[in-house]
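Participant: My questions will all concern the structure given below.
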Amino acid sequence: MRVVSVDKVSYRYEHGMALDEISFSVDEGDLLGMIGPNGAGKTTLFNCMLGLLSDYQGTIEIFGEDIKKNRKVLKSIGYVPQKNSIDRGFPATVEEVVSLGITVDKPSRVKISSALETAGLVPEKDRRIGELSGGQQQRALIAKALVNDPRLLILDEPVTGIDLEMQNKFYSLVRNLNQEKKITIILSSHDLDAVNKLANKVACINRSMFFHGDAHHFFDDEELMKKYSESSMQSHMHLHQPGNNG
Amino acid sequence: MVLDILQVIFVQRALITGIAVAAICSVVGIFLVLRRQSLFGDALSHMAFGGIAVGFLGNVYPLWAAFAFSILGALGITKLRQSTRIPPDAAVAVLLSSGLALGVVLANLAGGPNVNLNSYLFGSILLVSNEEIMMIMLISVGVLAVIAALYRKLVYMTFDEEQAKVSGLQVSKLNYLFIIVASITVVASIRLVGILLISSLIVIPSISAMMIGKGFKKTMLIAVSISVFSVVTGIIVSYAADTAPGGTIVLVTIAVFLAILGWKSVRKARQKEALITRL
């Protein structure tokens, strides 16, 4: 079953083109690794897919529904944003934060407990969210996304700034959600090694689509990998030229 | 002696009004502080000052004009922040100085020194009328009802606006609604502590509660308790010592804040000591 279908999506900011006719698809059960250098447009693409940006050109369908015509379908998506540090003083407990993910009026305690258990956070449920480590906070945000029984999970560079041990725990949770809970996942990451180990599909973008297909095709093709490295390097240099802020 | 003071009718009226205002200020205050809008209460109260002066000039009940000015100012500043790149603190400064400047000029036009602005600037809880008690009680019930109805949505928006949007919340509308509720709360509190001290009643109980509270609801209840305790103690002390009630109330909130800060520091030092001993 087709879960995501992105067809010729373009998006332009004031300072220039962020996405240029991007097309790709994700099928049920896939774990798609979204890779690309900084400023490649990954977060912009996610913002379009999540309905945060609506003035894009092209079509985005989630579970066969055009998200511009039927926004209700967005409720079947769980989203974990790029890690931004949570205010240490924020007084909500982990359990309270997880319960925020429920879109119906009355949160179900069973679902909250189950999400906490899946994310391995039951012992931390009464701690303030700001007291947790970066890795634990990201797992709490995954638990928040899980309470709504998402059929698609979008993780936007979830392990940036998190230590290696916590990254491994996080990736093991992601693998478990995909393989055991059968949740379709899109994971954007700079960590090619992690994407290689986890993903069955890869979409590599740098404002336009560079590669979309099976992960092993991408990682086994030395020529393709070399081209990707060169393209990333060029983007990196472009971003760091005076006057370019990505 | 305290029991004697509690027998006095106008003290009773002040306590009823004060407790209601304390509750709504601290409940709204938690959200304002966590949204980095601590000074927004100050700006709204200064905008209300402009409204009060318009009330004097136009012979309208000053607090009604204050409500209108405060709400319009808040909506204007929210729109300004959403549609321009003006930093939030600068937007607050614009609102604050506009209200104060307008108030000073219009109060002067309305009759200069003959216009009694002191009760609005510094509060006059002991002189509150029955009509004002009714108005403040109704406003308090309304504010608490709106916050209770939107509680989860407000907490989510405060935690992370982007994630709240993704989950389907109409964050922009919720922002406007919350700011209107905050404006009404601020104007309703003018009689208690006055325009110049309102932000302290909004901010200090909230930050005190955040130092010790675990959980959003518990923190909110602690903030309400600190606020109510400060108002009741402040009113009684001000009557007994013949001091200004508004200032006395705020000094009590500061004393509670310092006590919690001290207790936290001592506890931290003891924990550190215990850790060193164990090593």
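Readers should treat all values here as calculations from the given coordinates under stated rules, not as data from a laboratory. Here the structure is a predicted model, which is why all the values come from computation and not from measurement. Virtual Cβ from ideal backbone geometry, glycine too; neighbours counted across all protein chains shown.
Participant: Antiparallel as a % of all DSSP beta bridges within the protein assembly as shown, to the nearest 5?
Facilitator: Taking every DSSP beta bridge within the protein assembly as shown, about 55 percent pair in antiparallel fashion.
Participant: Averaged over its residues, how many other protein chain Cβ atoms are within 10 Å of peptide B:163-171's Cβ atoms?
Facilitator: Mean partner-chain Cβ count within 10 Å for B:163-171: 5.
Participant: Using amide H atoms built 1.01 Å from N in the peptide plane, name the residues 5+ places from A:Leu152, or on other chains, whose amide H lies under 5 Å from its own.
Facilitator: A:Gly78
Participant: Let me ask something else about it. Ranked highest first by the average count of other Cβ atoms within 10 Å around their residues, in what order do A:13-19, A:88-94 fall?
Facilitator: My ranking of the peptides, most packed first, is A:88-94, A:13-19.
Participant: Any idea how far apart A:Asp27 and B:Leu275 come out in nm if each label point goes 7 Å out from Cα toward Cβ?
Facilitator: 5.3 nm
Participant: Just to confirm a number: summing +1 for Lys and Arg and -1 for Asp and Glu over residues other than B:Ser124 whose beta-carbon lies under 15 angstrom from that of B:Ser124, what do you get?
Facilitator: -1
Participant: Among the listed pairs A:Lys68/A:Lys197; B:Lys165/B:Lys217; A:Lys8/A:Lys201, which are separated by more than 26 Å between their Cα atoms?
Facilitator: A:Lys68/A:Lys197
Participant: How long, wide and thick is chain A, going by the Cα atoms along their three principal axes, in whole angstroms, largest first?
Facilitator: For chain A, the Cα spread along each principal axis is 48, 40, 37 Å.
Participant: Using the Cβ atoms and a cut-off under 13 Å, what net charge is assigned to the surroundings of A:Val3, where Lys and Arg are +1 and Asp and Glu are -1?
Facilitator: Summing Lys and Arg as +1 and Asp and Glu as -1 gives -1.
Participant: Let me ask you something else. Points 7 angstrom from Cα along the Cβ direction at A:Thr103 and A:Asp149: gap in nanometres?
Facilitator: Each label point lies 7 Å from its Cα, and together they span 1.3 nm.
Participant: Based on the Cβ-Cβ distance of A:Arg175 and B:Ala255, what FRET efficiency does E = 1/(1 + (r/R0)^6) give at R0 = 51 Å, to the nearest 0.05?
Facilitator: For R0 = 51 Å, the calculated efficiency reads 0.40.
Participant: For the stretch B:37-92 and the stretch B:135-200, what is the centre-to-centre distance using only Cα atoms, to the nearest Å?
Facilitator: Centre-to-centre distance over Cα atoms comes out at 15 Å.
Participant: Separate question: Please compute the net charge surrounding B:Thr158, taking Lys and Arg as +1 and Asp and Glu as -1 over other residues with Cβ under 11 Å from its Cβ.
Facilitator: Neighbourhood net charge equals +1.
Participant: Additional query: Would you mind giving the mean number of other chain beta-carbons within 10 Å of the Cβ of each residue in B:212-219, as a whole number?
Facilitator: Going residue by residue through B:212-219 and averaging, the value is 6.
Participant: Continuing with this model, one more query. Calculate the radius of gyration of the Cα atoms of the protein assembly as shown to one decimal place, then report Dmax, the largest Cα-Cα distance, as a whole number, both in Å.
Facilitator: Rg then Dmax for the protein assembly as shown, in Å: 27.3, 90.
Participant: Just tell me how shielded A:122-134 is by partners: mean number of partner chain Cβ atoms within 10 Å of each residue's Cβ, no decimals.
Facilitator: 1
Participant: Which ³J(HN,Hα) values in Hz, rounded to whole numbers, follow from the phi angles of the stretch B:19-35 under the Karplus curve 6.51 cos²θ - 1.76 cosθ + 1.60, where θ = phi - 60° and Gly and Pro get x?
Facilitator: Per residue, the Karplus-derived 3J(HN,Hα) values read 5, 4, 5, 4, 5, 6, 4, 6, 5, 5, x, 4, 5, 4, 5, 5, 8 Hz.
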